[in-house]
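Accompanying notes for the structure given below.
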Amino acid sequence: MVEVYVSKAKVIAKTLAAKLGKASPLTVTFEVTHLCNLSCVYCDRHTPLPNEMGRDDIFSAFEQFIDLGMWKMNLDGGEPLAHKHAEEMVGWLTDRGISTRMNTNGILVPKKVEAVKKLDVVKISLDGPRESHDLVRGEGSFDKAIRGAETAREAGVPKVEFTCVVGQHNADRIETLIDMVEALGFGIIFQPLRNSLFQGTDRDGAAFQLQQKQLMGAFAKIEDRKREGGPIANAWSSLLHFRTFPEDTPLPCSAGWISVTMDPEGNLYHCGQINRGDKSCNVVQLGVKEAFDKMPRFGCSQCWCARTVEGNYKWGGRVDKKMPLRRNEALV
């Protein structure tokens, strides 16, 4: 029997304590490596960082996070399955009862299905129908992404869904994409394509981002398809947030209070979407507890990550944001 290191009661207690100012890293997003087997035109993660952690430092950090209450791990990248210890990480985490999820481009899923089948959630990036997807990710990548999703589902992964960023390359093909995903029997979550904040804030995203009016029109179509019972995996709370994006829309923020992001070098950030100039909270140098405790915590109002937006509204108890939205004719 798998031993669950953190009980539900303990997670609830630590969440309540975090609301009173005592933070705990209950959910950890670990960017396993910035190495990727694709070179998507809008992404800035293609090659490893200079000092990515070795195996011993990675598993030491995992143990320390569990000691502090971690119950959920999101494995991200780059491409997490490209890491030489990816399969060992998945097995180690799931053997200890940690709910383990992964964001992947899907290409390596068939090759590493023995590890993938242990995951609770697999999210595969999909940029549109074949021509839109291959335009930004490379010829043949669409078919490999679909094969990866189908392989994960056939292997018994409880939840397999697609993630799509909406930008200039696919805004006019959104409904075609939704039809295709529905025919395949998957869900799909949408979020705006934005200039990456991972490496800095001065990168020009004009070549791939949509103007606000275009973005609003695309998300109005997505809302319509959700009302019709389509395979839209977004909660209404993120769709509401994206109605005015990227204008400031204040929302509760749990970043750093119950969640944390760790980059491949072991640097902690309260949120994975912030600028990363401050690398002073390093788990290899300080240990996880000290690095987590000294980490700055501040919210923002331009969050583009759908699941983060939805989680933040839950954190804030904003059940009103979960209600279905009426059609806004001004957005169409």
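Based on alpha-carbon centroids, what's the gap between the range 12-48 and the range 223-238 in Å, whole number please?
Between the Cα centres of the range 12-48 and the range 223-238 lies a distance of 26 Å.
Non-local amide H neighbours of Ile189 (under 5 Å, H modeled in plane, Pro and chain starts lacking H): which ones?
When sequence neighbours closer than 5 places are left aside, the close amide H contacts are Phe162, Thr163, Cys164, Ala233.
Assuming R0 = 45 Å, what is the FRET efficiency of Arg276 and Arg327, from their Cβ-Cβ distance, to the nearest 0.05?
The formula returns an efficiency of 0.70 here.
With contacts defined as alpha carbon pairs under 8 Å and 6 or more residues apart, what's the relative contact order of the range 8-331 in percent?
Rounded, it is 18 percent for the range 8-331.
Mind jotting down the distance between the C-alpha centroids of the range 136-181 and the range 248-294, whole Å?
Computed from Cα coordinates, the inter-centre distance equals 30 Å.
Which residues make up the longest stretch of the chain clear of GluC sites (Glu not before Pro) that lie in a DSSP loop with no more than 14 other Cβ atoms within 10 Å, not counting the sites? Write out the running numbers ahead of the final one.
Working: sites that count: Glu3, Glu139, Glu228, Glu247.
No qualifying site falls inside 4-138, the longest such stretch.
How would you rank Phe142, Phe162, going from fewest to most other Cβ atoms within 10 Å of each one's own Cβ? Can you show the working numbers first?
Numbers: Phe142 21, Phe162 25.
In increasing order of surrounding Cβ atoms, one gets Phe142, Phe162.
If a/c stays under 1.5 just call it rounded; otherwise compare a/b with b/c (prolate if a/b is bigger, oblate if not). Do that for the range 234-282, with a ≥ b ≥ c from the square roots of the Cα gyration tensor eigenvalues.
Prolate is the answer for the range 234-282, as a/c is 1.5 or above and a/b outweighs b/c.
How far is it, in nm, from the label point at Glu139 to the one at Ser39 when both lie 7 Å from their Cα along the line to the Cβ?
1.5 nm
Among the lysines, which fall within straight-line cross-link reach of Lys159, defined as a Cα-Cα distance under 22 Å, with same-chain neighbours fewer than 8 residues apart omitted?
Excluding near neighbours in sequence, the set is Lys8, Lys72, Lys111, Lys112, Lys117, Lys118, Lys123, Lys144, Lys226, Lys314, Lys322.
Computed from the coordinates by the stated procedures, all read-outs in this text should not be read as laboratory data. Remember, predicted model here, so these are calculated numbers, not experimental data. FYI the Cβ positions are ideal-geometry reconstructions off the backbone, even for glycines, and counts take in every protein chain you see.
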